[in-house]
1. Could you work out the relative contact order of the chain? I mean the mean sequence separation of Cα pairs under 8 Å and 6+ apart, divided by the number of residues, in percent.
2. Among bridges DSSP assigns within the chain, what percent are antiparallel (round to 5)?
3. Please compute the net charge surrounding residue 30, taking Lys and Arg as +1 and Asp and Glu as -1 over other residues with Cβ under 11 Å from its Cβ.
4. For the stretch 4-128, take N as its residue count and report Rg(C-alpha) divided by 2.2 N^0.38 Å.
5. For a quick check of your reading of the filter: which chymotrypsin sites (Phe, Trp or Tyr not before Pro) in the stretch 29-116 sit in a DSSP loop and have no more than 10 other Cβ atoms within 10 Å?
6. Using modelled amide H (1.01 Å from N, peptide plane; none on Pro or chain starts), what sits under 5 Å from the amide H of residue 30, excluding residues fewer than 5 places away?
7. Take a quick pass over the stretch 61-121 and tell me how many lysine pairs come in under 23 angstrom between Cα atoms, counting only ones 8 or more apart or on separate chains.
8. Calculate, in nm to one decimal, what residue 124 and residue 107 gain on full extension: separation in residues at 0.36 nm each, minus their alpha carbon distance.
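Every read-out reported here was derived from the displayed coordinates using simple, explicitly stated rules and does not represent laboratory data. These figures come from a predicted structure and were not determined experimentally. Glycine gets a Cβ as well: all are built from the backbone with ideal geometry, and neighbour counts include every protein chain shown.
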Amino acid sequence: MTAPTDLNARILDDIADALIYADRSGSIVRWNRAATALFGYSAQEALGHNLDLIIPEHLRAAHWKGFDAAIASGAMKLQGRPTLTRAQHKSGRKLYIEMTFALVKDFQGEVLGSAAIARDVTERVERERGKK
C-alpha cells in the first residue's frame, strides 16, 4: 500500500494542469510536471525561485500587491474562481493562462502560502481575438 504522502505527491505530479505552490514570501516550493511543460522550467530550475520567474515584468507590481494583501489578510478576491492572465515561458514567449488560486492555511488558520492551478489557453484566446 502506498503511503498517503507518496500518493498525494504522485497525484499532484500527474494531474494535467500546472500546479505551483509558493510560500508566504513568494518562493516556489512545489512545481509539478505540468508546470514544467507549461512554463519550460524544470522543477530544479523553479524550486526556490521567486514567482517572477513566470510573471511578465509589466504585471509584477500588480501581482505582488495582490499576493501580499492576500497573505496579510488571509483572503483573496479570486479564491477558487478561474481568471485569465498572462504568464511568461522560459523562452520569453508570452502565454495566456487560466489560473485558479487558493490560500493554504495551517490548522490554526495562519496562511502558509498560495497554490495556483494553471492551464494554457493561448491558442483559444488568440483564435477568439482573431489572431490565428
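1. 23 percent
2. Counting only bridges with both partners in the chain, antiparallel ones make up about 95 percent.
3. -2
4. Here the answer is 1.03, to two decimals.
5. Filter output for the stretch 29-116: 107.
6. Placed amide hydrogens put 21 under 5 Å from residue 30.
7. Pairs that pass both the separation and distance tests number 4.
8. On the way: separation 17, 0.36 × 17 = 6.12 nm, distance 3.96 nm.
Taking residue 124 through residue 107 to full extension adds about 2.2 nm, to one decimal.
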